[in-house]
Amino acid sequence: MNKKIIDLRSDTVTKPSEAMRKEMYNAEVGDDVFQEDPTVNQLQEYAADLLGKEASLFVLSGVMGNQICLNVLTNPGDEVVCERDAHIFQYESGSPAALSGIQIMPVEGKAGVITSEQIEPFIRPSSAYYMPRTKVIEIENTHNRAGGTIHPLENIINVKQLAKKYNLYYHLDGARLWNASVASKVSVKEYASHFDTVSCCLSKGLGAPVGSIIAGSKEFIKEAFRVRKAWGGGTRQLGVLAAAGLYALKNNINRLEEDHEKAKQLAAIINGCKNLKINLQSVQTNILIFEPVNISIDDALLMCREKGLLLSTGKPGFLRAITHLDVSFDEINMAKKIIEEVFN
């Protein structure tokens, strides 16, 4: 008999539910390059309304979403300011340089948060022709590498004022914005209202098999549609995937609260293990970043795997666990026992 595997490597490992698969099977489709796929169009209209933006565009991944946004907002030689551990800097394969000819200015933050006071000294003087031009300020909410931390709304607004002061664009990497909204009780529309452009994933905590949404003005989305095509993202009968995203938005946002509770339960066990360290204040949504003591990362991953628990690595020297809809509370209890066995 096969050992039960509890996969906490990421919330991207989820599989479509039976109800989601039914929606995919029954999806009405057309040619999306001609903008004639009715299910894609419905998803984009629904998402734009949810985010409070004029228009939105379905793209194939979170990286594609972020990079299309940055490409449209910049010209080659421009610079984007973000937090040092931001996904666009750490985990997108050097795409800003490779795809758009732009560079990143990383700023040291705290728990994934950078303030206007920290950002302002890194904004290039517009008169300095010999420097890159600062064009975009980017914020990530929730912040992956910081452990799923929520960016405070007050700081988001303060940074928006800084962006306005210097006539800069303001982009939100909201891959897990749904988690931030559920945990903070701030609507996604309120969060998104402060940004020029937004990117949100459907394939993480919401359980869709693929896809992200980018949103902004109609003019922005028109140009984003062109860039998506240029990068090979023009698809045909995409409604079979859009149907999954639409189902996810309509059914799987409110349930994220369960994933947050699972994470808190795991965090309590981790905090009690003598060979693990965790900052409980950082456990705000569904991501846990914790540090093994007296054991290497590789050994820790292997020993957990041998007992049926899959973890991943976070920033260097740390382990990561992410709770999601495909791991039940009973399986979380099993994971807690494995963690105690390995790290006590």
For segment 185-223, enumerate the residues that are of a type in the set (K, R) and in a loop (DSSP other than H, G, I, E, B). K185, K204
Within segment 224-259, tally of residues that are out of contact with any helix residue (DSSP H, G or I) (no Cβ under 6 Å at 6 or more places or on another chain), assigned to a helix (DSSP H, G or I) and of a type outside the set (K, R): 8
Options K22, K53; residue that is basic (K, R) and surrounded by fewer than 24 Cβ atoms within 10 Å (Cβ to Cβ): K22
From the list Y130, Y46, pick out the single residue that is in contact with a helix residue (DSSP H, G or I) (Cβ under 8 Å, 6 or more places away or on another chain) and assigned by TED's automatic domain parsing to the domain that holds R176. Y46
Tell me whether segment 79-89 contains one or more residues that are buried (at least 17 other Cβ atoms within 10 Å of the Cβ), outside the structural domain of Q281 (by TED's automatic domain parsing) and more than 20 Å from the chain's Cα centre (by Cα). yes
Scan segment 331-340 and give yes if some residue there is more than 21 Å from the chain's Cα centre (by Cα) and part of a loop (DSSP other than H, G, I, E, B), otherwise no. no
Does I119 fit the bill of being in a helix (DSSP H, G or I) and closer than 30 Å to I278 by Cα? yes
I'd like the full set of residues that are closer than 24 Å to G174 by Cβ and β-branched (V, I, T), limited to segment 253-290. I253, V283, T285, I287, I289
Quick test of your reading of the structure: S93 fulfils all but one of (1) crowded, with 20+ Cβ neighbours inside 10 Å; (2) free of Cβ contacts under 8 Å to residues at least 60 places away in the same chain. Name the failing condition by number. (1)
Output the qualifying pairs, or none if there are none: Cβ atoms under 7 angstrom, residues six or more apart or on different chains, first residue in segment 28-48 and closer than 11 Å to A242 by Cβ, second residue of a type outside the set (D, E, K, R) and at pLDDT below 95. D32/T235
Being under 26 Å from A55 (Cα atoms) and of a type in the set (S, T, Y), is that true of even one residue in segment 119-129? no
Selection status of F290, surrounded by fewer than 20 Cβ atoms within 10 Å (Cβ to Cβ) and closer than 26 Å to E140 by Cα: no
Matching residues in segment 138-167 - criterion: being polar (S, T, N, Q) and either surrounded by 24 or more Cβ atoms within 10 Å (Cβ to Cβ) or under 20 Å from the mean Cα position of the chain (by Cα) (or both): N141, T142, N144, T149, N155
For G205, are the conditions met, namely being in contact with a strand residue (DSSP E or B) (Cβ under 9 Å, 6 or more places away or on another chain) and modelled with pLDDT under 95? yes
Go through segment 90-112 and give me each residue that's of a type outside the set (D, E, K, R) and within 15 Å of the chain's Cα centre (by Cα). Q90, Y91, G112
Restricting segment 291-344 to residues that are in contact (Cβ under 8 Å) with a residue 24 or more places away in the chain and among the β-branched types (V, I, T), which is nearest to H87 (Cα to Cα)? I322
Of the residues in segment 237-276, those that are over 21 Å from the mean Cα position of the chain (by Cα), assigned by TED's automatic domain parsing to the domain that holds V188 and of a type in the set (A, V, I, L, M) come to L238, V240
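The values are calculated or read from the model by the stated rules, or taken from the named source; none is laboratory data. Computed from a prediction, not measured in an experiment: that's the story for all the values here. Counting neighbours? That spans all protein chains shown, and the Cβs are built from the backbone with ideal geometry, glycine included.
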